[in-house]
Amino acid sequence: MEKIFDPNNPVHKERANLAKIGPSGAKMLDGVFEPLIEKDTTVATDFQKTFSFTRLYDDVPDTLAEFQESIFIWEGEGQIHWTDGDRGNLLPNIRLLCTLEANMSRLVPLLKLEKGEGGQSYCTISYEIVVEVGRTQLQARIQWRENVSVPHDH
């Protein structure tokens with residue numbers, strides 16, 4: 001996952017040399033691992049949690065018909081902050097849990113270009129991932145706002 005570089009965050013400082021300028025002109029770090037649910041957390045059978053995400057583009061996308069977000073899990077011991085090692089490969093105990101897909105093409109006409117710190121244009125898409133734990137399985141979906149409704153796709 002890509003996040004805005006925070007120079008006051010000790011974890012981000014570890015990889016300050018890998019920060020790149022993103023579409024908004026802000027420094028970005030790739031490969032940040034933030035758990036949706038901490039390992040060994042006990043959750044009720046009706047547990048639901050919503051996580052907010054933002055994706056930046058250099059321009060308004062032509063289509064969002066095949067929008068995807070991958071969810072990874074950490075199967076190792078302890079806590080981690082990065083999905084990859086020094087060479088950019090996934091850590092051995094990181095595994096792809098699922099890839100959420102949604103047709104968000106109805107958003108394209110609503111998107112507007114913004115101006116970044118350096119004057120360059122970029123586009124922002126904000127969305128949420130909703131994680132639900134049922135009696136027998138984990139479910140997740142992407143949702144976004146179009147005017148006042150909250151449509152979602154599984």
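The values are calculated or read from the model by the stated rules, or taken from the named source; none is laboratory data. A quick note: this is a predicted structure, and the numbers were derived from the prediction, not measured. Using ideal geometry, Cβ is built from the backbone for each residue, glycine included, and neighbour counts are taken over all protein chains shown. Note: accessible area is taken over every heavy atom of the protein model, side chains too, but ligands, DNA and RNA are not part of it. Shrake-Rupley method; radii C 1.70, N 1.55, O 1.52, S 1.80 Å.
Output wanted: per-residue J couplings in Hz (rounded whole) for region 8-21, from phi through Karplus 6.51 cos²θ - 1.76 cosθ + 1.60, θ = phi - 60°, x for Gly and Pro.
Whole-Hz 3J(HN,Hα) from phi for region 8-21: 8, 8, x, 5, 5, 4, 4, 10, 4, 5, 9, 5, 10, 6.
May I have the count of lysine pairs in the chain with C-alpha atoms under 27 Å apart, counting pairs 8 or more residues apart or located on different chains?
15
Can you tell me the dipole magnitude for region 33-110 around its Cα centre, using point charges on the Cβ only (Lys, Arg +1; Asp, Glu -1), in Debye to the nearest 20?
Values: 6 positive and 14 negative charges, 25 e Å.
My answer is approximately 120 debye.
Using mean Cβ contacts within 10 Å as the protection proxy, how do 43-54, 12-23 order, highest first?
Details: 43-54: 11.1, 12-23: 14.6.
In descending order of packing, they fall as 12-23, 43-54.
Starting at the first residue of region 52-64, write each ³J(HN,Hα) from the Karplus equation 6.51 cos²θ - 1.76 cosθ + 1.60 with θ = phi - 60°, in whole Hz, x for Gly and Pro.
Ordered by residue, 3J(HN,Hα) equals 8, 9, 9, 10, 10, 10, 5, 8, 5, x, 5, 8, 10 Hz.
Per-residue HN-Hα couplings for region 112-119, Karplus 6.51 cos²θ - 1.76 cosθ + 1.60 at θ = phi - 60°, whole Hz, x for Gly and Pro?
Coupling constants for region 112-119: 10, 6, 10, 9, x, 4, x, x Hz.
Starting with the highest mean, order 25-33, 98-106 by the number of other Cβ atoms within 10 Å, averaged over the residues of each peptide.
On the way: 25-33: 17.0, 98-106: 15.1.
Packing proxy ranking, top to bottom: 25-33, 98-106.
Amide H of F33 versus every other amide H placed in the peptide plane: which residues, excluding those fewer than 5 positions away on the same chain, fall under 5 Å?
It is W82, T83, by chain and number.
Considering only protein heavy atoms, what per residue accessible area in square angstrom results for the chain with a 1.4 angstrom probe?
Numbers: 10130 Å² over 154 residues.
For the chain, the solvent-accessible area averages 66 Å² per residue.
Starting from the amide H of L91, placed 1.01 Å from N in the peptide plane, find each other amide H under 5 Å away whose residue is 5 or more places distant or on another chain.
For L91, the qualifying residues are D84, G85.
Using the Cβ atoms and a cut-off under 10 Å, what net charge is assigned to the surroundings of D6, where Lys and Arg are +1 and Asp and Glu are -1?
On the way: positive: K3, K13, K27; negative: none.
Charge balance near D6 sits at +3.
What does the net charge come to around V32 if you take all other residues with beta carbon closer than 12 Å to its beta carbon, with K and R at +1 and D and E at -1?
Working: positive: K3, R15; negative: E2, D6, E14, D30, E34, D84.
Combined, the nearby Lys, Arg, Asp and Glu give -4.
Round to a whole number: what % of the accessible area of the chain belongs to carbon and sulfur, probe 1.4 Å? Kindly include the intermediate steps, with their values, before the conclusion.
Numbers: 4770 of 10130 Å².
Accessible surface attributable to carbon and sulfur in the chain totals 47 percent.
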